[in-house]
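Since the structure comes first, as structure tokens, the remarks are kept for the end.
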Amino acid sequence: MTTPKETVSVTVPSKLKYCHYVSDASELLFKSKINFYSEELFNLFTQDMRIVMYELFSNAVNHSQSDCVTIVLSVDEDELSVTIKTKNNPFVIKQVNSYINEKREYPLIVPPFSNEILGSDFVVYRDYEYDIYCRVTGPFDVYFRIEKNISREKHEFDIPEHYGLSLITKLTHYTGYYRSPDGYDNFTIKKRIK
Amino acid sequence: MNYYDLTEENGVVLVDLLQKRATMEVSKEFKEAFLNLIETSPSKNFILDFGKVEFVDSSFLGAIVSGLKKITALKGDIKILGLQPPVRAMFELTRLYKVFEIFENKNDAIASY
């Protein structure tokens, strides 16, 4: 028998000063709602989620220009799911260059995504070992996947200066974005508990 | 706001970061101040001391990478000192430990120049 999903939702003003409140409150919630096999597992999980919650919330505040941010946490015995809801600026796909000397300026891709790019992958982050691809799965939805590549040398790529999306994608098993018909932007992550 | 204390030893600029939480709330202003410091400092050999920093976010890491790019163009370098475990985890997750040389001991960091 599976444990029913429990959901908690909270809405806070879209201000950076709430970042630590959100990540501290989430940690307390994980502690009360999730059964971990050991303290070590709990510590690893909360260290990862502290980073994820901080980056999700601060990105929402920084990019959405929304008045408030709604955080929806759902947990069952296998998985934690977090959705960050905002309403104003949508997610925009910003591609990165493949090599350090490639100075191509890619146009920003905004929803609704055209039929021509449905199913396409765009590289949105690149570091020494990892590429992060954004796959367009619908006019208003994308998901992100991470691929490990052969280690690159320092001179072969432009060292990134934006790490938020990469941290979130590296520390979760699902990261996706969806703009709902009522105009809300939803960023969702899922993380396995066991 | 004062983001760091500055000292100089053997021609190396020691930047002692003062924030417990080096995050988006301070990273924009820190970046401006740090880039200005890099430009005006006669020495281009820097050590950033994270000893007091308990939490760092992606925007602050972006600010120090921006500093590294500027200082590399000026034939200098930035080395990192005193990472607490949560901050070290961020350097590992972002693979910045491959970009910056990281030290636990100040004298070793200075001697590396």
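The values are calculated or read from the model by the stated rules, or taken from the named source; none is laboratory data. Just so it is clear, the model here is predicted, and its values are computed rather than measured. Every residue, glycine as well, gets a Cβ built from its backbone with ideal geometry; the counts of neighbours run over all protein chains shown. Surface accessibility is based on the protein's heavy atoms, side chains included, excluding ligands, DNA and RNA. Shrake-Rupley method; radii C 1.70, N 1.55, O 1.52, S 1.80 Å.
Kindly indicate whether any position in segment A:115-132 is β-branched (Val, Ile, Thr), touching a Leu at 6+ places or on another chain (Cβ under 6 Å) and either open to solvent by less than 30 Å² (accessible area, probe 1.4 Å) or within 14 Å of another protein chain (Cβ to nearest Cβ) (or both). So that I can check it myself, show each step before the final result.
Keep residues of segment A:115-132 that are β-branched (Val, Ile, Thr), which gives A:117, A:123-124, A:132.
Now narrow it down to the ones that are touching a Leu at 6+ places or on another chain (Cβ under 6 Å): none.
So far as segment A:115-132 goes, no, none of its residues is β-branched (Val, Ile, Thr), touching a Leu at 6+ places or on another chain (Cβ under 6 Å) and either open to solvent by less than 30 Å² (accessible area, probe 1.4 Å) or within 14 Å of another protein chain (Cβ to nearest Cβ) (or both).
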Practice task
Inspect segment A:25-35 for any residue being assigned to a loop (DSSP other than H, G, I, E, B), more than 14 Å from chain B (Cβ to nearest Cβ), surrounded by fewer than 16 Cβ atoms within 10 Å (Cβ to Cβ) and in contact (Cβ under 8 Å) with a residue 60 or more places away in the chain and give the result as yes or no.
Solution key: no
Practice task
Could you please find all residues in segment A:1-18 being farther than 17 Å from A:Val72 by Cβ and assigned to a helix (DSSP H, G or I)?
Solution key: A:Leu16, A:Lys17
Practice task
Take segment A:169-186 and flag every residue that is open to solvent by 40 Å² or more (accessible area, probe 1.4 Å), out of contact with any Pro (no Cβ under 7 Å at 6 or more places or on another chain) and assigned to a strand (DSSP E or B).
Solution key: A:Tyr174, A:Tyr178
Fill in the blank from the handout: Residues in segment A:1-24 that are farther than 19 Å from A:Ser66 by Cα, hydroxyl-bearing (Ser, Thr, Tyr) and open to solvent by 90 Å² or more (accessible area, probe 1.4 Å) total 1
Problem - Index of the failed condition, A:Thr137 passing every other in (1) within 26 Å of B:Val99 (Cα to Cα); (2) modelled with pLDDT of 95 or more; (3) of a type outside the set (D, E, K, R) - result: (1)
Fill in the blank from the handout: All conditions in (1) modelled with pLDDT under 95; (2) within 14 Å of the chain's Cα centre (by Cα) are true of B:Met1 except (2)
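For (1) modelled with pLDDT under 95; (2) over 21 Å from A:Arg179 (Cα atoms), each residue gets a yes or a no:
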| site | (1), (2) |
| --- | --- |
| A:Met49 | yes, yes |
| A:Asn59 | yes, no |
| A:Glu79 | yes, yes |
| A:Ile84 | no, no |
| A:Lys87 | yes, no |
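Every residue in segment A:153-194 that is more than 17 Å from A:Val52 (Cα to Cα) and within 14 Å of chain B (Cβ to nearest Cβ), please. Reasoning before the result, please.
Here is the first cut: in segment A:153-194, the ones more than 17 Å from A:Val52 (Cα to Cα) are A:153-161, A:178-185, A:194.
Correct list: A:Glu153, A:Lys154, A:His155, A:Glu156, A:Phe157, A:Asp158, A:Ile159, A:Pro160, A:Glu161.
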Practice task
Could you tell me whether A:Tyr143 is open to solvent by less than 60 Å² (accessible area, probe 1.4 Å) and either away from every other protein chain (no Cβ under 14 Å) or touching a strand residue (DSSP E or B) at 6+ places or on another chain (Cβ under 6 Å) (or both)?
Solution key: no
Handout entry: Pair list, Cβ < 9 Å and 6+ apart or interchain, from segment B:11-34 residues that are within 14 Å of chain A (Cβ to nearest Cβ) and open to solvent by 30 Å² or more (accessible area, probe 1.4 Å) to residues that are in a loop (DSSP other than H, G, I, E, B) and among the hydroxyl-bearing types (Ser, Thr, Tyr)
Key = B:Glu29/B:Tyr3
Completion exercise
Of the candidates B:Glu104, B:Glu92, the one satisfying the condition of being within 12 Å of chain A (Cβ to nearest Cβ), of a type in the set (Asp, Glu) and open to solvent by 80 Å² or more (accessible area, probe 1.4 Å) is B:Glu92
Handout entry: Meets criteria (open to solvent by less than 40 Å² (accessible area, probe 1.4 Å) and either touching a residue at least 60 places away in the same chain (Cβ under 8 Å) or in a loop (DSSP other than H, G, I, E, B) (or both)) for A:Val72
Key = yes
